[in-house]
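A quick write-up on the structure given underneath.
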Amino acid sequence: MKTVNHWIGGKTVEGASGNYGPVTDPATGEVTTQVALASAEEVDAAVQVAKEAFQTWGQSSLAARTKVLFAYRALLDANRDAIAELITAEHGKVHSDALGEVARGLEIVELACGITTQLKGELSTSVSNRVDVAAIRQPIGVVAGITPFNFPAMVPMWMFPLAVACGNTFILKPSEKDPSASVKLAELASEAGLPAGVLNVVHGDKVAVDALLSHPDVAAVSFVGSTPIARHIHTTASANGKRVQALGGAKNHMLVLPDADLDAAADAAVSAAYGSAGERCMAISAVVAVGSIGDALVEKIRERAEKIKIGPGNDPTSEMGPLITAAHRDKVASYVKGAADQGADVVLDGTGYTVDGFENGHWIGLSLLDNVKTDSDAYRDEIFGPVLCVLRTETYEEGVALINASPFGNGTAIFTRDGGAARRFQLEIQAGMVGVNVPIPVPVGYHSFGGWKDSLFGDLHIYGNDGIHFYTRGKVVTTRWPDPSDAPAGVDLGFPRNH
């Protein structure tokens, strides 16, 4: 059986703990790989390697860093398909989704390539007699990233390219469910010329995570995952004196006004709710239909959802793949099975779905729940699967109040032809990312990603300017130099004595 080992100090390092976790092909249900799970001692060894590498990398020139990053970007581009194949094999998402994931990660690598502009700093001259003040940003040291299973390439690329571009060294702890893509990213970085020890990949479970959160030589922690774990990461790492950005879960809403193009709204709802099998924190999982359009909108969504082809991710005709594990599939199914008892109308029931020839895969079909109540489990919880809830309100104001009452505030969208309504929505809605006739408002790389309320713990969002600020710390230098004409007698710099 294939074993995925750690990547430390620019080379593969076999696991020493004796503990391994299974990696499953979600399309077949078969365990295809085992991944080494690090002990606290192995985490410490990786941190020490990164700490030593920081002594050189943190002092390296911007030109040296960007040279590596440009080469890295070219290698990632040339290996898009290979990375996507690893994602499909271990996560299950269809190849086109996996390619899209790589493309979105590349955006942040491209941002990192332009780090020279982002780190220019500020200068004020002559704030007083012969006194200048400069503000500069410097790397913070060894930083760690703990990333989820749903985007095994993209989310790591949201973190480490900016971190190393700023001069830090990085410890990546990817999900143990689909670890191979992260190792491939590290191998390509080494091939691009990134010095040994600057980027390290340590696989593990809670033991490895807790070791990173408490390690005195880890200066900062980035995390993306569920809200309960994000809260734990933030609390624990902060208590240990670390800078933390912890992105949590979501329940993203799409408000559809009576004047909206219902065909466009239905297309958007289907792609945003069921793409990547709903396993993404920016999925639209709740549609709020305003006024009399509810029945027509639900019917249009149903018509489109029934046409989605579900199958193995490596089948080019598949539009949606399996869920990551059988346990997760069963949990998602439980929400659908309990929906009717809690007052919802089950328009589409995707439970019990199988694919011929792949009967042991982690399959589930598309589910559509109408007239969902806000106190039901299907609405309150982040399901993280292909389940779309539709809620009804009579007015725009009721719809906004419903959305703002959610404890989550990751992303939201409005579908309307009215610019005034859209403007009000942008200002009144309590969420970190807003789409206007855009169902999944994930910002481009040079704007930052992050939510409000229980969707984010910490002050700074990920990537963009916030990401650069997170991986650096500011320093202000006040300088006063005597004028050359004031030099002591005997020192001649060619300046007149009187001026």
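The values are calculated or read from the model by the stated rules, or taken from the named source; none is laboratory data. These numbers come from a predicted model, not from an experiment. Ideal geometry is used to build each Cβ from the backbone, glycine not excepted, and the neighbour counts take in all protein chains shown. The accessibility values were calculated without ligands, DNA or RNA, using every heavy atom of the protein model including side chains. Shrake-Rupley method; radii C 1.70, N 1.55, O 1.52, S 1.80 Å.
Before moving on, here are some points about what is shown:
- When the range 369-396 is filtered for residues that are part of a helix (DSSP H, G or I) and in contact with a strand residue (DSSP E or B) (Cβ under 7 Å, 6 or more places away or on another chain), the ones remaining, listed by number, are A378, Y379, Y396.
- Number of positions in the range 372-392 that are acidic (D, E) and surrounded by 19 or more Cβ atoms within 10 Å (Cβ to Cβ): 1
- Selection of first residues in the range 183-204 that are in contact (Cβ under 8 Å) with a residue 24 or more places away in the chain and of second residues that are in a strand (DSSP E or B) and of a type in the set (G, A, S), restricted to Cβ pairs under 6 Å at least 6 apart or on distinct chains, gives the following pairs, ordered by first then second residue: H203/A36.
- Matching residues, the range 397-415, being in a loop (DSSP other than H, G, I, E, B) and either more than 28 Å from the chain's Cα centre (by Cα) or surrounded by fewer than 19 Cβ atoms within 10 Å (Cβ to Cβ) (or both): A405, P407
- Residues of the range 61-97 that are part of a loop (DSSP other than H, G, I, E, B) and surrounded by fewer than 16 Cβ atoms within 10 Å (Cβ to Cβ): S61 alone.
- Residue satisfying condition, being in a helix (DSSP H, G or I), open to solvent by 20 Å² or more (accessible area, probe 1.4 Å) and over 13 Å from G145 (Cα atoms), within set D259, D267, D210: D267
- The one condition in (1) within 21 Å of A268 (Cα to Cα); (2) open to solvent by 10 Å² or more (accessible area, probe 1.4 Å) that L369 fails to fulfil: (2)
- Residues (open to solvent by less than 60 Å² (accessible area, probe 1.4 Å) and either charged (D, E, K, R) or touching a residue at least 60 places away in the same chain (Cβ under 8 Å) (or both)) located in the range 295-310: L297, V298, K300, I301, R302, R304, A305
- Any hit, the range 41-60, residues being open to solvent by less than 50 Å² (accessible area, probe 1.4 Å), of a type in the set (K, R) and either more than 30 Å from N360 (Cβ to Cβ) or touching a Leu at 6+ places or on another chain (Cβ under 7 Å) (or both): no
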